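Colleague: Dumping the structure here so I can ask a few things about it.
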Amino acid sequence: MEEKSWENITDHIIIEILSYLPVHHRHHAGAVCRNWNRVFNSPLLWRHLRVTFHSEKDVRWLGCLKRYGTHFRTVHIDCNQEDVVNRKITCDFINELARLPERRLKRFIVVFSGMNPYFYAGQEMNEAIEDLFGPPPTSCNVISTLEHVDLGKLSIAYSDKLFLPLAENNPNLRFLNIQNASLVCKVSSDCLLKIITTCTKLVDLRVHYYSLSEDVLTALADKERTPLQHLSVCCQKDDKMGFAKVWESEFWKALTEHNRALRVSLIFGDYCPTSRIPVLLKPEIPVSVLRVENWHPLLYLVRFCCEHYYRTIEVLVLHTHPSPQLDQELLQLVTKSHRLRELHVYCVLAKDTVSAIMKNRPGLQRITLKSEKEPFPWEPEVL
């Protein structure tokens, strides 16, 4: 019988173990034995990296980047934005990432954690990311360009200056999320149009309403490009200029004709004028996710969903006021919507209504349904 020891563990299990460890713990684990040290230096271990910048000690990731950065396929950065030191180290890391002698990076994700500092515009963060999106140094051997970019968790304002280089240098882009928490969006529809016409493989796009236009929707309907699978649109404070760019149903008809499997997420934020929501709801939009985060009566919206979106709706989130009519309309919508998997209603419903919803739609996976008033925040329940 073979003797059990650390050295007998197969490489893929060791890689799985080490991938969960911070870099300094990973280094210590690599000293367990010769076999673990060999795996520690294996390119397979460094393909997918999640780094956190929460203290000055995390500057050690820069050394890791210089040694193993040419192996990176995925980089997920978590920066505690409250401390200026964390933000500086994050920018240094991104700048060094842009200057690697060989680049295989395909997925780039940056997340801010902690409280947003007052009056923080994020200029140095924008400049660092722009450096990564721009043309690589002449000495850099580019094996792969970016395919997945997620900046949805950065509370800084974006502009065309950041994303035009992304389009020009990363034609294989398939996923782009610029739908961040900032109340100001300066990414123009011309810039978004450039991204769409250049990155014809894009299948998942998440943007603010401000960046959309009829030309953008027309470009997405082009039959020469890869069919779009998901479009997420967030209407927030930056749309306060009158919602002048309201698109007509004909553009959505053309878009869904080419993109048969298209799913659309509509998000109406806290500062979105409630009077404008009905203007943007179109029967032709294949809405799968609908989030309304401003506290207003939404009976008309539930009725609209029940009439037009019951075939496609998968997730519904409502911050609204209670009423017997709302209970009745919600129950009717849930009964008709066979795809519905999440329902979050942030107002008190009748106990009988909650019971009927659970009975009529047993396939729900996550819910926020309260029959008694409780202190906020209300946490979703996983079924």
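Colleague: Restricting attention to the range 107-127, which residues are surrounded by 15 or more Cβ atoms within 10 Å (Cβ to Cβ) and either of a type in the set (Ser, Thr, Tyr) or closer than 17 Å to LEU49 by Cβ (or both)?
Modeller: Those that are surrounded by 15 or more Cβ atoms within 10 Å (Cβ to Cβ) and either of a type in the set (Ser, Thr, Tyr) or closer than 17 Å to LEU49 by Cβ (or both): ARG107, PHE108, ILE109, VAL110, VAL111, TYR120.
Colleague: Looking only at the range 1-30, filter to residues that are outside any helix (DSSP H, G or I) and closer than 23 Å to PHE72 by Cβ; which one of those is modelled with the highest pLDDT?
Modeller: By that ranking, first place goes to TYR20.
Colleague: Let me ask something additional. Kindly indicate whether ILE196 is more than 28 Å from LEU280 (Cβ to Cβ) and open to solvent by less than 30 Å² (accessible area, probe 1.4 Å).
Modeller: no
Colleague: LEU100: part of a loop (DSSP other than H, G, I, E, B) and either crowded, with 18+ Cβ neighbours inside 10 Å or within 20 Å of the chain's Cα centre (by Cα) (or both), yes or no?
Modeller: Values: part of a loop (DSSP other than H, G, I, E, B): yes; either crowded, with 18+ Cβ neighbours inside 10 Å or within 20 Å of the chain's Cα centre (by Cα) (or both): yes.
Against the criterion (part of a loop (DSSP other than H, G, I, E, B) and either crowded, with 18+ Cβ neighbours inside 10 Å or within 20 Å of the chain's Cα centre (by Cα) (or both)), LEU100 qualifies.
Colleague: Right, next: Scan the range 204-226 and report the pairs whose first residue is under 20 Å from PRO273 (Cβ atoms) and whose second residue is outside any loop (DSSP other than H, G, I, E, B) and among the charged types (D, E, K, R), with Cβ atoms within less than 6 Å and a gap of 6+ or a chain change.
Modeller: From residues that are under 20 Å from PRO273 (Cβ atoms), the pairs are TYR209/ASP239; TYR210/ASP238; TYR210/ASP239.
Colleague: How many residues, within the range 159-194, are modelled with pLDDT of 90 or more, more than 18 Å from HIS148 (Cα to Cα) and assigned to a loop (DSSP other than H, G, I, E, B)?
Modeller: Total satisfying the criteria: 2.
To keep it simple, each residue is scored yes or no on (1) assigned to a helix (DSSP H, G or I); (2) touching a strand residue (DSSP E or B) at 6+ places or on another chain (Cβ under 9 Å).
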| residue | (1), (2) |
| --- | --- |
| PHE304 | yes, no |
| VAL317 | no, yes |
| HIS321 | no, yes |
| GLN325 | yes, no |
| GLN328 | yes, no |
| LEU331 | yes, no |
| LEU340 | no, yes |
| ILE357 | yes, yes |
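Colleague: Let me ask something else. When you scan the range 249-279, how many residues do you find that are open to solvent by 30 Å² or more (accessible area, probe 1.4 Å), in contact (Cβ under 8 Å) with a residue 40 or more places away in the chain and either more than 21 Å from ASP222 (Cα to Cα) or in a loop (DSSP other than H, G, I, E, B) (or both)?
Modeller: Qualifying residue count, the range 249-279: 2.
Colleague: Which pairs do you get when a residue that is within 13 Å of CYS185 (Cβ to Cβ), found in the range 149-162, comes within reach of a residue that is of a type in the set (Gly, Ala, Ser) and open to solvent by 40 Å² or more (accessible area, probe 1.4 Å), reach meaning Cβ atoms under 7 angstrom, with the pair 6+ apart or on two chains?
Modeller: SER155/ALA181; ILE156/ALA121; ALA157/ALA121
Colleague: Pairs, please: C-beta under 6 Å, at least 6 apart or cross-chain, first residue within 13 Å of VAL345 (Cα to Cα) and open to solvent by 60 Å² or more (accessible area, probe 1.4 Å) and in the range 357-383, second modelled with pLDDT of 90 or more and outside any loop (DSSP other than H, G, I, E, B)?
Modeller: Short answer, once both residue conditions are applied: ARG366/GLU342; ARG366/VAL382; LYS373/VAL348; GLU381/ILE367.
Colleague: Out of the range 202-230, which residues are β-branched (Val, Ile, Thr) and touching a helix residue (DSSP H, G or I) at 6+ places or on another chain (Cβ under 6 Å)?
Modeller: Matches in the range 202-230: VAL216 only.
The values are calculated or read from the model by the stated rules, or taken from the named source; none is laboratory data. Computed from a prediction, not measured in an experiment: that's the story for all the values here. Every residue, glycine among them, receives a Cβ derived from its backbone with ideal geometry; neighbour counts consider all protein chains shown. Just so you know, the surface numbers come from the protein's heavy atoms only, side chains and all, with ligands and any DNA or RNA stripped out. Shrake-Rupley method; radii C 1.70, N 1.55, O 1.52, S 1.80 Å.
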